[in-house]
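Taking it in order: structure first as structure tokens, then the write-up.
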Amino acid sequence: MSEPSAFVLGEDKIPKYWYNIVPDLPAECPPVLHPATRTPISPEDLLPLFPRELIHQEVSKDRWIPIPDEVRSVYALWRPTPLYRARRLEKLLDTPAHIYFKYEGGSPPGSHKPNTAVAQAFYNKLEGVRRLTTETGAGQWGSALAFACRLFQLECKIYMVKVSYYQKPYRRVLMESWGAHVVPSPSPDTEFGRSVLASDSQNPGSLGIAISEAVEEAASREDTKYSLGSVLNHVLLHQTVIGEEARLQMEMAGEYPDLVVGCVGGGSNFAGLAFPFLRDRLQGKARTRFIAVEPTACPSLTQGVYTYDFGDTAGRTPLLKMYTLGHKFVPPRIHAGGLRYHGMAPLVSLLVKLGFVEAQAVPQRAVFEAALTFAKAQGFIPAPETAHALRIVIDEALKARETGERKVILFNFSGHGLLDLQAYDEYLNGQLQDWFYPEKDDKKLAHLL
């Protein structure tokens, strides 16, 4: 072995600060609006759902937010995560491109999600909260919050999108193993869930519906707060430990990315890797490209509209300026449950709008083809969500082969797929189908909004 393929940092390199991209943006992010008055929301309005410190982080314009020692000590269970150069994939593709991936699948729940789950559980515990409610799609976020709540002795109630609840039973078992109470959404546990079931008893559920149920329960109990796994500023902030570590590791490799790629559902894993590198682009120090990859079944960035919309289906959450397919949209039953969300993080949406981030949508079968190509070369089985990024990484590497360009590609391996093997079984047996959102129809979108 003449050249290294793994770049590993010691525990002393766990970041001491989260990076907040807000002060480096070339334009103000539009304000969050109150759902009733449609006027800018005040921090006090968010207290029924979130603890004060998370609200402070949500609206902060400080570039660096200190990471508490208690959070860093938990991070040390799996962080820093390794950066790998995918030399075997490069050889298989016969490409001059250098491909690197930040491996987030080594956390106890198997994804990047604990980076924010641990922080959110810590701040809630600090302020005397006893219970947290949340939603989850594929179960990666639910698993992360169940894990974090166990560490900080909090009760955890998880509304899991019904189609994923049955597609991914072992994710549910994982959450329950850490003590969480998991129910399929829509459920009879909330007023909104009962209303959805009354109109459609076979409703497969969506992240928007599950958010509505989790928010309703949190708002109705004084001992309970709500926890969100993506979309909001403070969630994306916590994920920047990924990119801050990757910057050090790319220095170890003696390279800097020409292209950074990540999958997007709400935007957290993409932002976590991309934002620390976007800092250089925004400050005029680099010309790196950034590609956010979404499913053709739920293409909020590529076919949605940039407007104010609710984060949930019931219309009870604050209104966010984002790319959206409409809060009433129920996505098809694709296996990448973490990407089945109608909207996109306001920060990611703004960066797409301003042209700093490109968006691409890919179909399900092409995604699994890329996943197996990677697995056969590198050994790791990616989560269906991660495989969306892989599709574009492979496509870009093949383009480099045609042009002879020696570009450096970095992507976020956001989670492993060892609890998603039913999806692989369907693909291998020719049972997996593609789903496509209809061609953009502004009248339809207006109705959904």
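Annotations for the structure displayed:
- Sub-8 Å Cβ pairs linking a first residue in segment 413-437 that is free of Cβ contacts under 8 Å to residues at least 60 places away in the same chain to a second residue that is aromatic (Phe, Trp, Tyr) and loosely packed, with under 15 Cβ neighbours inside 10 Å, at least 6 apart or interchain, number zero.
- Where strands (runs of 3 or more DSSP E) fall wholly inside segment 238-316, the ranges with 3 or more residues that are modelled with pLDDT of 95 or more and aliphatic (A, V, I, L, M) are 259-263, 289-295.
- When residues in segment 199-211 are screened for being surrounded by 22 or more Cβ atoms within 10 Å (Cβ to Cβ) and part of a loop (DSSP other than H, G, I, E, B), 2 of them pass.
- Of everything listed in (1) acidic (Asp, Glu); (2) in the same structural domain as Leu145 (by TED's automatic domain parsing); (3) at pLDDT 95 or above, the single unmet condition for Glu222 is (3).
- Residue within segment 339-350 that is farther than 24 Å from Pro40 by Cβ, at pLDDT 95 or above, surrounded by 24 or more Cβ atoms within 10 Å (Cβ to Cβ) and outside the structural domain of Ala219 (by TED's automatic domain parsing) present: no
- The residues listed here are Val215, Val196; of these, the one that is in a helix (DSSP H, G or I) and under 22 Å from Ala148 (Cα atoms) is Val215.
- Looking across segment 390-440 at every residue that is of a type in the set (Lys, Arg) and assigned to a loop (DSSP other than H, G, I, E, B), the one that is farthest from Ala246 (Cα to Cα) is identified as Lys440.
- Qualifying residue in segment 190-203 (condition: outside the structural domain of Ala345 (by TED's automatic domain parsing), at pLDDT below 95 and in contact with a strand residue (DSSP E or B) (Cβ under 6 Å, 6 or more places away or on another chain)): no
- Here Gly266, Gly284, Gly262 are screened, and the one residue that is assigned by TED's automatic domain parsing to the domain that holds Val348 and free of Cβ contacts under 8 Å to residues at least 12 places away in the same chain is Gly284.
- The residue that is surrounded by the most Cβ atoms within 10 Å (Cβ to Cβ), among those in segment 277-304 that are in contact with a strand residue (DSSP E or B) (Cβ under 9 Å, 6 or more places away or on another chain) and farther than 22 Å from Ala336 by Cα, is Leu278.
- Identity of the residue in segment 26-58, polar (S, T, N, Q) and closer than 25 Å to Asn124 by Cβ, that ends up surrounded by the fewest Cβ atoms within 10 Å (Cβ to Cβ): Ser42
- Listed by first and then second residue, the pairs with beta-carbon distance under 8 Å, at least 6 apart or on different chains, first residue in segment 163-184 and in a strand (DSSP E or B), second of a type in the set (Asp, Glu), are His181/Glu155; Val182/Glu176; Val183/Asp189.
- Evaluated against (1) surrounded by fewer than 18 Cβ atoms within 10 Å (Cβ to Cβ); (2) within 30 Å of Leu25 (Cα to Cα); (3) more than 18 Å from the chain's Cα centre (by Cα); (4) charged (D, E, K, R), Glu402 falls short on exactly one condition, (2).
- Identity of the residue in segment 77-122, aromatic (Phe, Trp, Tyr) and over 24 Å from Asp258 (Cβ atoms), that ends up surrounded by the fewest Cβ atoms within 10 Å (Cβ to Cβ): Trp78
The values are calculated or read from the model by the stated rules, or taken from the named source; none is laboratory data. Predicted, not measured: the structure shown is a model, and the values here were computed from it. Glycine also receives a Cβ, built like all others from the backbone with ideal geometry; neighbour counts cover every protein chain displayed.
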